[in-house]
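Step one of this worksheet: look at the structure below.
The values are calculated or read from the model by the stated rules, or taken from the named source; none is laboratory data. Predicted, not measured: the structure shown is a model, and the values here were computed from it. Neighbour counts are summed over all protein chains in view; Cβ atoms, including those assigned to glycine, are modelled from backbone coordinates with ideal geometry.
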Amino acid sequence: MAEVLVLVEHVDGAVKKVTYELLTLARRIGEPAAVLVGAGADAAIGGLAEYGAATVYVADAAELSAHPVAPKAEVLAKLVAEKAPAAVLVASTAEGKEVAARLAVRSGSGVITDAVDVSADATATQSIFGGATVVKSKVTTGTPIITVRTNSVAPEAAAGAGARVDVSVELSAAARSATIVDRVVQAKGGRPDLAEAAIVVSGGRGVGGAEGFGVIEALADSLGAAVGASRAATDAGWYPHQFQVGQTGKTVAPQLYVANGISGAIQHRAGMQTSKTVVVVNKDPEAPIFELADFGVVGDLFQVVPQLTEEITKRKG
């Protein structure tokens, strides 16, 4: 059975959930093999094996972490040349798509981006035009390189050997042309990561301004949830862009999604429509977001949301 290479998304060995999703998809095609570039392999291998990685290729030379993006593509290119894998799966992040593009050029292969599913024959499913059209695509030249959106599939554990294989690569001059001169660790709050949260509470244009997100944050904190925002809210500067949910933001698939003051434009719906349960609070009964709602409240969010927060807090106490 041919290997399927999965590029590991991690921070110093703390593996992100999307990697386990990719390993789950990889098992459909062949034998999953994780590729970990950077430090932290010892901490990561156990989890990778738990989700099916038969082999974990580790490239942890210090030089690889001194340059952005390109080293990952060159490690993958070496493995593609040596192992002739059935496919390469990468997370559809900004960096992941750049790695995939560089790998495609170096290996002379076709690349498909933003897949939401991958079948046993490496046919990728893409949801485009805000989910209005579904496309089936397949790479016909070289090794299929596919980037997959976060939260497209539920990760399923399936024990693998997790055998470590160290990999060394001589970086090209092009890969060394950009150098990381400093790293700053962003302060992490108490809320869960938006892309991986089980509950997401989002606000949109209806919050009226940056100060309006106070009620959104209060509800999120009462539920132990992540905070999201619509593109209208982030473009207006009311909330940071890294919390944008939508086609050009983050794709979420929580157990519970609470949309407050969000009209439900196609761009936003594309990023949250696979949520298990959707609750909507909006004063416009004709808002398109109600089409996705399992439960809806027509009313002023500044009256409804604080009452909901109060009731949740009371019941928790």
- prompt: Which of the residues spanning the range 82-101 are without any contact (Cβ under 8 Å) to a residue 40 or more places away in the chain and over 26 Å from GLY271 (Cα atoms)?
  reply: GLU82
field: Members of the range 42-53 that are crowded, with 21+ Cβ neighbours inside 10 Å and either over 21 Å from the mean Cα position of the chain (by Cα) or on the phi > 0 side of the Ramachandran plot (or both)
entry: GLY52
- line: Among (1) surrounded by fewer than 17 Cβ atoms within 10 Å (Cβ to Cβ); (2) under 20 Å from LYS17 (Cβ atoms); (3) among the small types (Gly, Ala, Ser), SER152 falls short only on (1)
Wholly enclosed strands (runs of 3 or more DSSP E) of the range 133-211 bearing at least 3 residues under 22 Å from LEU48 (Cβ atoms) and out of contact with any helix residue (DSSP H, G or I) (no Cβ under 6 Å at 6 or more places or on another chain): 163-166
field: Those residues of the range 253-311 which are in a helix (DSSP H, G or I), surrounded by 14 or more Cβ atoms within 10 Å (Cβ to Cβ) and not hydrophobic (A, V, I, L, M, F, W, C), in sequence order
entry: GLN267, HIS268, ARG269, PRO288, PRO306, THR309
- prompt: Could we say that VAL18 is of a type outside the set (Asp, Glu) and either more than 19 Å from THR143 (Cβ to Cβ) or surrounded by fewer than 23 Cβ atoms within 10 Å (Cβ to Cβ) (or both) here?
  reply: yes
statement: Of the residues in the range 101-123, those that are assigned to a strand (DSSP E or B), of a type outside the set (Val, Ile, Thr) and buried (at least 21 other Cβ atoms within 10 Å of the Cβ) come to ALA115
- request: Determine if the range 72-79 includes at least one residue that is surrounded by fewer than 17 Cβ atoms within 10 Å (Cβ to Cβ), aliphatic (A, V, I, L, M) and either without any contact (Cβ under 8 Å) to a residue 24 or more places away in the chain or out of contact with any strand residue (DSSP E or B) (no Cβ under 6 Å at 6 or more places or on another chain) (or both).
  value: no
statement: Among (1) closer than 21 Å to ALA115 by Cβ; (2) buried (at least 24 other Cβ atoms within 10 Å of the Cβ), ILE29 falls short only on (2)
- line: Considering the range 251-285, residues that are touching a Gly at 6+ places or on another chain (Cβ under 8 Å) and of a type in the set (Lys, Arg), and then whichever is modelled with the lowest pLDDT, we arrive at ARG269
task: Kindly check whether there is at least one residue in the range 152-171 that is assigned by TED's automatic domain parsing to the domain that holds VAL15, within 19 Å of GLN244 (Cβ to Cβ) and touching a Ser or Thr at 6+ places or on another chain (Cβ under 9 Å).
output: yes
message: Among the residues of the range 35-86, what is the count of those that are farther than 16 Å from VAL15 by Cβ and of a type outside the set (A, V, I, L, M, F, W, C)?
response: 10
field: the range 213-225, residues that are under 16 Å from TRP238 (Cα atoms) and in contact with a strand residue (DSSP E or B) (Cβ under 7 Å, 6 or more places away or on another chain)
entry: PHE213, ILE216, GLU217
